[in-house]
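Structure, as structure tokens:
Only the coordinates and a few stated rules stand behind these numbers; no lab work does. Bear in mind that the values here come from a model prediction, so they are computed numbers and not experimental data. Every residue, glycine as well, gets a Cβ built from its backbone with ideal geometry; the counts of neighbours run over all protein chains shown.
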């Protein structure tokens, strides 16, 4: 099961009804936080989610509205007794930014590690126990006014286990779990491979968080086939398309075009400019292009599981 | 007229109904902000006060819950088109802390100046036009786990102008304003001094913001005779007195004892620990010692003027 919660949906500056854009993804009891602007810790409390089992802050870029909540959150977790390490991922320049944030945060009773996400993604079980083996976090480049990246979380899904085949091969039931987990077993000196008893890999779950970005190919590629695309939708009105592109953002319609190109299942709009007082007023602009669009709001949450 | 608004009343970490402890003082259309933890800019919006005419952030000490809102606030004022300078005051160590905060805040279109408040106070009209000449900000040492100071704002008040005396001395009416403003005038070659036409100085207005502190003599001295003492009241229960002192804080009762010693008019409690879920439950502990106590809450505001 995966829980995705929007903690904030505001661009640039928080307003009373909208915290700065951030999202929390929880799976197997562990979490990744995407971006952490000023007020994210409050937003999490309001949304009723804990950040104590959050293993990683995945930063999309280093503008203040995406990172100024980090030192306060680190201090609060320290006060709350956290001892587990926290990892921070981000595009080029992470060490510099974190130097200042960590100096301000001061002494903590846990480690803060900076990680570079490998090109083929990071298995989250490598940074903390509890994450399913198949949970992988990847990045893709986006197009903003500074170096920026989006994140793609995938929970892969093995093929269906075939018990008849396992019995046929003489695998004792107590070893089935190993094969189901993708590990070979030895039976009377013969090596049995998972592929011999598992069907073809099935569709997993994919969640994408864009951060701030204009439309671009790498985003459409990175978001390909996502179940949820949490997408920059700074401006509601179509007339702002050029401004949006210039500033490295998107209109609702552009976000919808991205969703259509990337063939995602659902599009969540977020990161609203203060000019967007009522996102729903502009929803039609997106739905004309991509009907499965929803206007994100602070505290919006969904739980996804495998359907069979 | 002076407006005092509590923006937040929480210690350590914000909770949904309490932003981090901060207060705004406005006089003559200009403001001083006392402390600026994460979320202060949101808290100001909620309280319906603007920070755009705020000339100074007066920091009591450098713990995160009192300063992490600074870079975001500076950026937001920049986005909103601010061009007027902002001054930052704080105890020893200000330059170091501000180096990190300013690096994170990045480029701004206005100046940020660090100021040291002189021992006899700073006339605020020296940093920005609009402040009355008699508005003075002073500091006094407090007792926390790090170097810390409290602030005292005074709006002095000249004596009553005596028009009969002015006429007697032959001062033309158009020069009365000069004398009322404390400046000597020349009448037919004779110098007339303000003291010749003004009565004795009258009681002014004094507002004190303690920041985090245990009871101490310098606080009682600094707060002497204040109209409002906005005071650390971290713990409600009397049994926490020792803990409070150890940690450089106060209980409600200790805050009240400070108010009594300092002979203030009104005590505002603030900076509540999360253990204080309902401040009013502990108000009696303070009122037994000092009846003119109120439990501060986010957005609480008062306007003070001279009574005659």
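Quick look at the values:
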item: Per-q log10 I(q)/I(0), the range A:1-46, q = 0.20, 0.30 Å⁻¹ (Debye; single scatterer per alpha-carbon; no solvent); result: -0.57, -1.05
item: Sites residue B:167 and residue B:260 - FRET efficiency at Förster radius 35 Å, r taken between beta-carbons, to 0.05; result: 0.15
item: Average other protein chain Cβ within 10 Å of Cβ, residues B:33-43; result: 4
item: Ranked list, fewest to most other Cβ atoms within 10 Å of each Cβ, for B:46, A:174; result: A:174, B:46
item: Candidates A:193, A:283, A:108: whichever shows maximal mean-square fluctuation once chain A is modelled as a Gaussian network with Cα springs under 10 Å; result: A:193
item: Percent breakdown of C-alpha pair distances by 10 Å bin, ordered from the shortest bin, for the range A:87-178; result: 13, 30, 26, 15, 10, 6, 0
item: Calculated P(r) tail over 17 Å for the range B:159-200, as whole % of Cα pairs; result: 13 percent
item: Other copies of residue B:241: label-to-label distances in nm, shortest first, labels 7 Å along the beta-carbon direction; result: 7.2
item: Antiparallel %, DSSP beta bridges [both residues in the range B:21-118], to 5; result: 30 percent
item: Ratio of the Cα radius of gyration of the range A:125-176 to 2.2 N^0.38 Å, where N counts its residues; result: 1.93
item: Within a Gaussian network of chain B (alpha carbon springs, distance under 10 Å), most fluctuating of B:239, B:50, B:138; result: B:239
item: Calculated label separations, residue A:103, copies of the chain, 7 Å along the beta-carbon direction, nm; result: 0.4
item: Alpha-carbon Debye profile of the range B:219-268, log10 I(q)/I(0) at 0.22, 0.26, 0.30 Å⁻¹; result: -0.70, -0.89, -1.05
item: Extent along principal axes [Cα atoms of the range A:156-276; Å; largest to smallest]; result: 70, 21, 18
item: Directionally averaged shadow of the range B:118-226, computed from the convex hull of its alpha-carbon atoms, nm²; result: 8.6 nm²
item: Between 0 and 90°, nearest 10: helix A:70-79 axis offset from chain A longest Cα axis; result: 60 degrees
item: Residue of A:172, A:141, A:85 that the Gaussian network model of chain A assigns the largest fluctuation, springs spanning Cα pairs under 10 Å; result: A:172
item: The protein assembly as shown - share of DSSP beta bridges that are antiparallel (%, nearest 5); result: 60 percent
item: Inter-site label distance for residue B:145 and residue B:80 at 7 Å from Cα along Cβ, in nm; result: 3.3 nm
item: In degrees, nearest ten, helix B:252-262 long axis to first principal axis of chain B (Cα); result: 20 degrees
item: Alpha-carbon centroids, the range A:72-102 and the range A:243-308: separation in whole Å; result: 29 Å
item: Copies compared at residue B:199 - label distances in nm, ascending, label defined 7 Å from Cα in the Cβ direction; result: 9.6
item: Shielding score for B:67-76, defined as the mean number of other chain Cβ atoms within 10 Å; result: 6
item: Estimated [θ] at 222 nm from DSSP helical runs (n ≥ 4, -39500 (n - 2.57)) normalised by residues in chain B, nearest 500; result: -6000 deg cm²/dmol
item: In degrees, nearest ten, helix A:94-105 long axis to first principal axis of chain A (Cα); result: 80 degrees
item: Stokes-Einstein translational diffusion, chain A - Kirkwood Rh over all Cα pairs, 1.306 mPa s, 10 °C, in µm²/s; result: 78 µm²/s
item: Packing-based ranking, highest mean first, of A:54-64, A:118-128 given that Cβ atoms within 10 Å are counted; result: A:54-64, A:118-128
item: Hydrodynamic radius of the protein assembly as shown per Kirkwood, over alpha carbon pairs, in Å; result: 27.2 Å
item: Shielding by partners, peptide B:101-112 (average Cβ within 10 angstrom, other chains); result: 2
